[in-house]
1. With only Lys, Arg, Asp and Glu charged, each at its Cβ (+1 for the first two, -1 for the last two), find how big the charge dipole of the range A:168-308 is about the Cα centre; round to the nearest 20 debye.
2. Say we join alpha carbon atoms closer than 10 Å with springs in a Gaussian network model of chain A; which of A:G227, A:G271, A:G208 then has the biggest fluctuation?
3. What list of ³J(HN,Hα) couplings, whole Hz, do you get for the range B:262-276 from phi and the Karplus terms 6.51, -1.76, 1.60, once you set θ to phi - 60° and write x for glycine and proline?
4. If you take the charge dipole of the protein assembly as shown about its Cα centre, with +1 on Lys and Arg Cβ and -1 on Asp and Glu Cβ, which of B:G350, A:A59, A:Q264 is farthest toward its positive end?
5. Taking the Cα centre of each part, how many Å lie between the range A:6-55 and the range A:179-193?
6. Report, in debye and to the nearest 20, how large the dipole of the range B:239-375 comes out about its Cα centre when Lys and Arg carry +1 and Asp and Glu carry -1 on their Cβ.
7. Over chain B, with a Gaussian network built from C-alpha contacts below 10 Å, which listed residue (B:L297, B:L323, B:L265) shows the highest mean-square fluctuation?
8. Cut-off is 10 Å between beta-carbons; in what order do A:I286, A:I237, A:I207 appear when sorted fewest neighbours first?
Amino acid sequence: MDATEIGLWGVPLAILGGAIRVSTPFIFVSLGEAITERSGRINLGLEGTLVFGAMTAYAVAVMTGSPWLGLLAAAGAGLCFGLFHGWICKFRGVNDIAIGIALMLFGSGLAFFFGKPFIQPSAPDLPAIAFGGWSDIPQVQAALSVNILFLIGAALAVFLWWAFRNTRAGLIVRVVGDSSDAARAMGLNPNTVRLLATGVGGALAGIGGAYLSLYYPGSWTERISSGQGLMAVALVIFARWNPLGCFAAALLFGGAGALGPALQSVGVTQGYYLFYAAPYILTLIIMIATSSPSRSLAGAPRELSITK
Amino acid sequence: MSERFMLSRRELLKTSAVGAALSLASASFPISRAFAATATVGFIYVGPKDDYGYNQAHAEGAATLKGIAGISVVEEENVPETVDVQKTMESMINLDGASLIFPTSFGYFDPHMLAMCAKFPDVQFRHCGGMWNKDKHPMNAGSYFGYIGMGQYLNGVVAGHTSKTKKLGFVAAKPIPQVLLNINSFLLGARSVDPTITCQVIFTGEWSLAVKEAEAANALVDQGADVITCHVDSPKVVVETAAGRGAFVCGYHANQSPLAPEKYLTGAEWNWAKVYKMFVDDLVAGTPLPNFTRGGLADGFVKMSPLGPAVGDAARKQFDGTLAEMMKGGFSVIKGPLKSNKGVVVATEGQAFVETALELESMDYLVEGVVGSTA
């Protein structure tokens, strides 16, 4: 029975496993939002997109038996939500934050409406890749069974970080986000760029939703998200609009979120409400430690309505 | 998010001309409300009606009332335990003319339901849980609950026979008396098989937090627990996660065996249809509704899921024997000598609390053998 007695090692292992398991929706939503915000718009509706993506992925997976089709459908639904946001916001006098809040309610409401018949059935899960084969300990194997979406998310973070600096498309998004006038002088149409950026952001949030319902926790319920989409939007600001920062912040949130259950499981049972606040306390500490009056909001796209 | 949306719709109705006309009509013809043969009964759920758990059990009970002549049922789901539930109750009374309301979630009681009791003395409120006290609370309020701890004891009996690591796991929402009694009953049931068994409990802090429940189930399995049960609103995530990691599961609230047919041992289920039928029969007959309603396995308030394929013969035999004993009445889960896991004596030698004992409804301890803390 020694193999199952890992005692205190369970805590770091749970944080590692939790960081990998829980962070993926944060990674996708925050990367999507980073693209959108770099182009100068804020899409607060990603919480609704996440929930709608979770529902769509689950429903399609139940009906077709293929989680990959579910994933594709979630990305498509997210793209539609994003394009809708981007399209409405091009009109004069439309506030992107207000539209985002409206879309957040609309997305979750629509997901609840269409999702009713899919709460009961079970859908096939997205497969995981076992990286723990080198270990005989089942707990290590479980913590290191990594879903492919996490790897894609990690690769995407690096790619976006590189692409924002080194590609023409990245430059265009940044120019539009920093100065509409400069973009127009270059012959770019800011609205088109923002439309596409918001669409891509929505599609990524939809994929994040598919991860929730098709892998972890792996079922569709109306409480599946519990605000993760909103937190991911906040993570973007925390990460200073840097894709690598988004990835790190998502890992931090995932790992810190696993701390509460893990500590209770090894017998540290007092004050668990405090441990559940760990992700937020950590965020506060890092925000305070990295803040400075002289370079506040460094890296913020200048066309954002909150910084303009 | 949708609850705000729903509520604003109700608010809109209330202030619209139609809403005003409706409430005027029901105010000027109070006779229609007192006339019990056309009564409206309101049900309020904290989560979705089909959550494979707590709310589904209530909604299934409410659904059985819909066929009764003269009874109309109004329902609202996803109502938070905030001032929102007061608005829901007000609109059920003013707009739908409800004369009996069942706010089914624990946190609806104080202060929300109590405020409505004072505001609408002619309307009857019955809260699911153990909070109503005849010395402190109004008489148009009341509570109903089932002795589901007995079911968790039976879960524990089967878990005790099935566990190889002698470690059980319990994913709990909040440390309130009903939850603590379930945890204690689960462990004591298992200890009736083998007194060395322990049970690790993890509190998630909320009734429905899918990701945290999955993390809790994973953490329990990581620590060697091989039979997991729970007390959260929707056990679906816990059941699927634990079974996916190879642990056995005992169900709660409703039958979750379709989610893990091989790993599901048994489960403690509600049978609210019976309870709601009793209230509505009284309402139709015009007799005063009881303020304090309780019942267990013998009364049909609670039932057990059919035993799963992994349950061995010894477990089956003890399960059937214990169930038969419970059906006779007078069975005590909490009996002395018994200490809490902090070493405090909770029952002395010869002392026993039967399922109806009121002391159990204010339980604030975890018994010896449970690894966990109530705060």
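No value in this document is a laboratory result; all are computed from the given coordinates. All of these numbers come straight from a predicted model, not from anything done at the bench. Here Cβ is always computed from backbone atoms with ideal geometry, including for glycine, and neighbour counts include all displayed protein chains.
1. Using only the charged Cβ atoms, the result is roughly 340 debye.
2. Most flexible of the set in this elastic network: A:G271.
3. Each residue of the range B:262-276 in turn: 7, 9, 6, 8, 7, x, 9, 10, 7, 10, 5, 3, 4, 5, 5 Hz.
4. A:A59
5. Between the Cα centre of the range A:6-55 and that of the range A:179-193, the gap is 31 Å.
6. Dipole size: approximately 220 debye.
7. B:L323
8. A:I286, A:I237, A:I207
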